[in-house]
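Undergrad: This is the structure I want to talk about, given as structure tokens.
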Amino acid sequence: MPPAPRRLRALPRPHRDDALLAAAGLAGGVLLWALGVASYGGVRPLGGAWVLLPLAVAVLAGLYRRTLPRAGFAAGCAAVLADLFTRGSLATVLLGTDLVYAVVVHGPPRWGRVLPRATALVTLGGTAALLVWLREPAALLLGAFLGLVSFLPASSGAVVRGHREEARAARLLAERTAQLAERDRVEALAAERARMARELHDIVAGHLSAIAVHSSAALAADDPALSREALGVVRANSVAGLTEMRRLIHVLRAEDEEPGPAPRLSGIGALLRRADEEGARHGLRFRLEEEPVRVPLPAPVELAAYRIVQESVTNALKHAAPGEVRVRLRHADGLLRIDVTSPRAPDAAPRAPGAGAGLLGMSERAALLDGTFRAGPEDTRWTVRATLPTQEEATR
């Protein structure tokens, strides 16, 4: 069976403005021909209606000045050349100049760069040839006319195209800038949410863990005095947690006010004394081994160190076996080293539930300051180690 013939590709639909322009050119050309005006006279004038044939070709090419600019340009050049062999119609010439403009504006970028130069060379070369041939001043007028119908539309089209490309580039740059700004906003929002989550966890988790541990003890105790003591600890931690929550909410709402003082290393002693009281029922003792810090530390370092110790103490209250929990702080060589070790019982159930958010928060705090963090079992103890740079540049 012979192969089916290849179907010709359908012509694109003309743009509405191009159709209106072509219709106006056709009407104007026919009217000028009917009135017998606006004719410039060709090289070999042909009378009658021959002048309408190039006009029809130019009108047809004008229909596709946007959709098929190169084909329209070629047809327009052919129409103008053919018009020279009639008595000439200015309507055909005007449509031809518009096709030169259109191919520069709507055609490939290479045409927009090459055609203005080519028409400039044609204008200069044609004017020189006319001067040599005619040797009359009229040759300059013909050269100017050649420039008007070739170089002028090509150069004006190049200017328009350049402005459009600049506007397009500016629009793309604005869109890209908006996308980057939106991405920065989303990242900043995510970072702020993560920071708030860490602060909320560090502030409340310790108190809630103590409440969970002592409320369980109060329920299990048969001695009313022990239950009353456990409930007293529950109430104290509830009040402390509520106070911390109110402080955090106040900081978040008071945008124009200075935030309250952040926790500092000097508060770790009081933190361990409270933990010692809460852990006494479970056989836990807390001891601080602190080497004097001889230089002031940046506030972000002190806050991160305090929160890491606070979370480590909270985890010890929930998971550690009876024994001594040691907290050691050392500052040397531009580094603050934090070591928290606690006895562990591998098979013991935790006194309060946990989801691992505290370890993640401590790791994030250390990473934000270009520090290191590690937590895990070592022999019979659970060890938390963090190293925080104390140089001012590392905290900016």
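Undergrad: Residues that are more than 34 Å from the chain's Cα centre (by Cα), modelled with pLDDT of 85 or more and either in a helix (DSSP H, G or I) or of a type outside the set (Gly, Ala, Ser) (or both): does the range 193-207 have at least one?
TA: No - not one qualifying residue is present in the range 193-207.
Undergrad: So, one more: Residue under question is Glu393, and the condition is that it be modelled with pLDDT under 85 and either of a type in the set (A, V, I, L, M, F, W, C) or over 23 Å from Arg273 (Cα atoms) (or both); does it hold?
TA: Taking the combined requirement at face value, the residue satisfies it.
Undergrad: Look at Leu115 and say whether it is part of a helix (DSSP H, G or I), farther than 21 Å from Leu55 by Cα and at pLDDT below 85.
TA: no
Undergrad: Continuing with the same structure: If I ask for residues that are modelled with pLDDT under 90 and in contact with a Leu (Cβ under 7 Å, 6 or more places away or on another chain), which ones from the range 374-390 would you list?
TA: The one that is modelled with pLDDT under 90 and in contact with a Leu (Cβ under 7 Å, 6 or more places away or on another chain): Thr390.
Undergrad: Among the numbered criteria (1) surrounded by 15 or more Cβ atoms within 10 Å (Cβ to Cβ); (2) under 50 Å from the mean Cα position of the chain (by Cα); (3) at pLDDT 80 or above; (4) among the hydroxyl-bearing types (Ser, Thr, Tyr), which one does Ser215 miss?
TA: Tallying (1) surrounded by 15 or more Cβ atoms within 10 Å (Cβ to Cβ); (2) under 50 Å from the mean Cα position of the chain (by Cα); (3) at pLDDT 80 or above; (4) among the hydroxyl-bearing types (Ser, Thr, Tyr), Ser215 fails exactly one: (3).
Undergrad: For the range 136-175, what are the residues that are among the charged types (D, E, K, R), closer than 22 Å to Arg117 by Cβ and out of contact with any helix residue (DSSP H, G or I) (no Cβ under 9 Å at 6 or more places or on another chain)?
TA: Answer for the range 136-175, where residues must be among the charged types (D, E, K, R), closer than 22 Å to Arg117 by Cβ and out of contact with any helix residue (DSSP H, G or I) (no Cβ under 9 Å at 6 or more places or on another chain): just Glu166.
Undergrad: Now for a separate question. Out of everything in the range 244-278 that is part of a helix (DSSP H, G or I), in contact with a helix residue (DSSP H, G or I) (Cβ under 7 Å, 6 or more places away or on another chain) and charged (D, E, K, R), what residue ends up being modelled with the lowest pLDDT?
TA: For the range 244-278, the residue satisfying everything is Glu244.
Undergrad: Report, ordered by the first and then the second residue, all pairs with beta carbons closer than 9 Å, sequence separation of six or more or different chains, a first member in the range 158-173 that is assigned by TED's automatic domain parsing to the domain that holds Ala118 and surrounded by 11 or more Cβ atoms within 10 Å (Cβ to Cβ), and a second member that is β-branched (Val, Ile, Thr) and in a helix (DSSP H, G or I).
TA: Within 9 Å, the pairs are Ala158/Val104; Ala158/Val105; Val160/Val104; Val160/Val105; Arg161/Val104; Arg161/Val105; Arg164/Val105.
Undergrad: Can I ask one more? Would you please name the residue that is modelled with the lowest pLDDT, looking only at residues in the range 44-54 that are touching a helix residue (DSSP H, G or I) at 6+ places or on another chain (Cβ under 8 Å) and surrounded by 12 or more Cβ atoms within 10 Å (Cβ to Cβ)?
TA: Residue satisfying both the conditions and the ranking: Val51.
Undergrad: Further question: Specify which of the listed residues (Ala82, Ala91, Ala78) is surrounded by fewer than 16 Cβ atoms within 10 Å (Cβ to Cβ), more than 41 Å from the chain's Cα centre (by Cα) and either not charged (D, E, K, R) or not assigned by TED's automatic domain parsing to the domain that holds Tyr64 (or both).
TA: Being surrounded by fewer than 16 Cβ atoms within 10 Å (Cβ to Cβ), more than 41 Å from the chain's Cα centre (by Cα) and either not charged (D, E, K, R) or not assigned by TED's automatic domain parsing to the domain that holds Tyr64 (or both) holds for just one of Ala82, Ala91, Ala78, which is Ala78.
Undergrad: Taking the condition of being under 47 Å from the mean Cα position of the chain (by Cα) and not in a loop (DSSP other than H, G, I, E, B), how many residues in the range 279-313 meet it?
TA: Count: 16.
Table: residues versus (1) modelled with pLDDT of 90 or more; (2) within 20 Å of Leu146 (Cβ to Cβ); (3) among the basic types (Lys, Arg).
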{"site": "Gly25", "(1), (2), (3)": "no, no, no"}
{"site": "Gly36", "(1), (2), (3)": "no, no, no"}
{"site": "Gly42", "(1), (2), (3)": "no, yes, no"}
{"site": "Cys77", "(1), (2), (3)": "no, yes, no"}
{"site": "Arg87", "(1), (2), (3)": "no, yes, yes"}
{"site": "Leu99", "(1), (2), (3)": "yes, yes, no"}
{"site": "Val122", "(1), (2), (3)": "no, yes, no"}
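Undergrad: Please tell me if Leu317 is modelled with pLDDT under 85 and within 25 Å of Arg195 (Cβ to Cβ).
TA: Criteria met by Leu317.
The values are calculated or read from the model by the stated rules, or taken from the named source; none is laboratory data. Because the structure is predicted, anything quoted here is derived from the model rather than measured. Using ideal geometry, Cβ is built from the backbone for each residue, glycine included, and neighbour counts are taken over all protein chains shown.
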